[in-house]
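Taking it in order: structure first as structure tokens, then the write-up.
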Amino acid sequence: MKGDDTIKLSTRQEQIIKIIQENQPITGEAIADKIGLTRATLRPDLAVLSMCKIINAKPKVGYFISEAKSNEDLTDKLMSIKLSDVKSMPIVVNESTSVYDAIVTLFLENVGTLFVVDNKVLKGIVSRKDLLKATMGGGDLSTMPIGVIMTRVPKAVYCTEDESIIDAAEKIIEHEVDCIPIIEFDN
């Protein structure tokens, strides 16, 4: 639950969740034994956790963490992973690099996107689709500079190092791109 719907769980409820996560599926009696209380004492806590959809129960099986709670935990984990922790080295070319050389670089480096830079400053992005369009256009690829076909920075989608991988994934989906550069701003 997020926002104004946030509830505070008791210490015992947190303990129950931890026991279920480590031993699921687990019976109410087994949970009570691990905590050192009776099943009747835990019944209200189990009912609250079930109503909040944090845990589920199946007769003759026991209690287990609900899919919604598992997804919430996964989302929280993914939101805590910053792009600075998972970024890879970009494959870059200069703005004056020929389209032909860019295609060769793309295949040699086994990537789908090239970043066009000038003095370590991102100028644009070139995708496989951009290169395919250039080859279909019929120009001389060995003399045509990559700067002619690249997507320039003002139109490019980018992230910063402090954004989460969820933020990057949302941008990739929203803008239908294969790759997003991670940029730093000069102070």
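A short reminder: the numbers here are calculations on the coordinates, not readings from a lab. Since the structure is predicted, the reported quantities are computational estimates derived from the model, not experimental observations. Here the Cβ positions follow ideal geometry from the backbone for every residue, glycine too, while neighbour counts run over all protein chains shown.
A few notes on this one:
- Taking Cα atoms only, the orientation of helix 11-23 departs from the longest principal axis of the chain by about 70 degrees.
- Among the GluC sites (Glu not before Pro) found in segment 68-159, those both in a DSSP coil and sparsely packed, with 15 or fewer other Cβ atoms within 10 Å of their Cβ, are GLU95.
- Sequence-separation-based contact order of segment 83-187, relative, with Cα cut under 8 Å and 6+ spacing, percent: 30
- Taking every DSSP helix (H) stretch of at least 4 residues in the chain, weighting each as -39,500 (n - 2.57) and dividing the sum by the residue count yields a mean residue ellipticity at 222 nm of -13500 deg cm²/dmol.
- Taking the Cα centre of segment 30-150 as reference, the dipole from Cβ charges on Lys and Arg (+1) and Asp and Glu (-1) amounts to some 760 debye.
- The Rg/Rh ratio of the chain, with both radii computed over alpha carbons and Rh defined as the Kirkwood radius, is 1.26.
- Restricting attention to the chain, close to 75% of DSSP beta bridges with both partner residues there are antiparallel.
- Charge sum, other residues only, whose C-beta stays under 13 Å from ASP162's C-beta, Lys/Arg counted +1 and Asp/Glu -1: -3
- Rg then Dmax, both in Å and based on the Cα atoms of segment 83-183: 13.7, 42.
- Trypsin sites (Lys or Arg not before Pro) restricted to DSSP loop in segment 111-164 with at most 12 other C-beta within 10 Å: LYS120
- Whole-number percent relative contact order across the chain, with pairs defined as alpha carbons under 8 Å at least 6 apart: 17
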